[in-house]
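S.K.: Structure in C-alpha cells, see below.
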Amino acid sequence: MSNEIVNRVANSSLITIDLADYAPKQSIAVLDIKKFLFEGIFLKEKEFRTALKEFDFSIYKSKTVALNCSADAIVPMWAFMLVTSYLNTANSEIHFGTKEKVFQQIFTDNIDAIDACEFEGKKVIVKGCGQIPLTETLYIAITKKLQTTVSSLMFGEACSAVPVFKKK
C-alpha cells in the first residue's frame with residue numbers, strides 16, 4: 001500500500017468559481033447633485049442650470065460615475081437627465097445610486113455577461129469566502145446564470161461544499 005497523498009480535489013472535474021474575479025476593476029467616482037441644489041435642499045432651475053454650466057465635468061472624463069442625491073429633497077427626473085447630458089460629454093459611464101449600489105450593479109452585470117456554455121454539464125463550486133464582501137444578490141445572479149447549464153452547483157470549498165442544485 002502506497003503512502004502517497006493524493007489530492008482528489010485537484011484530480012476531480014470540479015470547477016471552482018471565485019465571484020471576486022468578476023468584481024468591477026474600475027474605480028467609481030461619485031457625483032452627488034446635492035451640491036447643485038439651492039442651500040443643498042431644493043432645486044431652483046435657473047441656479048441649477050447655471051451651476052452645471054460652470055462645473056468642470058472633465059474631472060469625470062472616461063470614468064464610471066455613481067450619480068445620486070444625498071439630500072432629502074424632491075429632485076425632478078429632468079435634473080438627472082440634465083446632469084447625465086453633461087457627463088455624457090465627458091465620456092463617462094453613468095449609473096444611478098450610491099457608490100456601493102453602483103459597484104454591486106456592475107458586479108452583477110459582469111456575472112450576467114458570463115458565457116454559461118463553458119460550464120455546460122460541469123460540476124461547479126462557487127467559493128464562499130474571499131477578499132471582497134459579496135452580497136446575496138451576487139450569489140443569486142450566479143445561480144440564475146448557471147443552473148440551466150451545469151450538472152451540479154455547489155457553494156463553499158471542495159472539502160465542504162454545500163449542494164445547491166443537481167440536474168436529474
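S.K.: From the list V102, V75, which residue is crowded, with 16+ Cβ neighbours inside 10 Å and either over 13 Å from the mean Cα position of the chain (by Cα) or not aliphatic (A, V, I, L, M) (or both)?
M.R.: Values: V102 fails: either over 13 Å from the mean Cα position of the chain (by Cα) or not aliphatic (A, V, I, L, M) (or both).
Result: V75 is the single residue among V102, V75 that is crowded, with 16+ Cβ neighbours inside 10 Å and either over 13 Å from the mean Cα position of the chain (by Cα) or not aliphatic (A, V, I, L, M) (or both).
S.K.: Mind listing whichever residues of the range 134-149 are β-branched (V, I, T) and either outside any helix (DSSP H, G or I) or in contact with a Phe, Trp or Tyr (Cβ under 6 Å, 6 or more places away or on another chain) (or both)?
M.R.: T135, T148, T149
S.K.: Hey, another quick one. Just one of A29, A90, A51, A23 is surrounded by 14 or more Cβ atoms within 10 Å (Cβ to Cβ), more than 30 Å from I111 (Cβ to Cβ), among the hydrophobic types (A, V, I, L, M, F, W, C) and touching a residue at least 12 places away in the same chain (Cβ under 8 Å); which is it?
M.R.: Answer to the check: A51.
Rundown of residues vs (1) under 30 Å from L52 (Cβ atoms); (2) among the aromatic types (F, W, Y); (3) outside the structural domain of Y60 (by TED's automatic domain parsing); (4) in contact with a strand residue (DSSP E or B) (Cβ under 6 Å, 6 or more places away or on another chain), yes/no style:
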position	(1), (2), (3), (4)
A90	yes, no, no, no
E93	yes, no, no, yes
E120	no, no, yes, no
G130	no, no, yes, no
Y139	no, yes, yes, no
K145	no, no, yes, no
T148	no, no, yes, no
S152	no, no, yes, yes
S160	no, no, yes, no
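Residues checked against (1) polar (S, T, N, Q); (2) touching a Ser or Thr at 6+ places or on another chain (Cβ under 7 Å); (3) touching a residue at least 12 places away in the same chain (Cβ under 8 Å):
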| position | (1), (2), (3) |
| --- | --- |
| V65 | no, yes, yes |
| M77 | no, no, no |
| I94 | no, yes, yes |
| Q104 | yes, yes, yes |
| D109 | no, no, no |
| I114 | no, no, yes |
| G121 | no, yes, yes |
| K145 | no, no, yes |
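The values are calculated or read from the model by the stated rules, or taken from the named source; none is laboratory data. Note that the structure is predicted; figures quoted are calculated from it, not measured. No Cβ is skipped: glycine too gets one built from the backbone with ideal geometry, and neighbour counts run over all protein chains shown.
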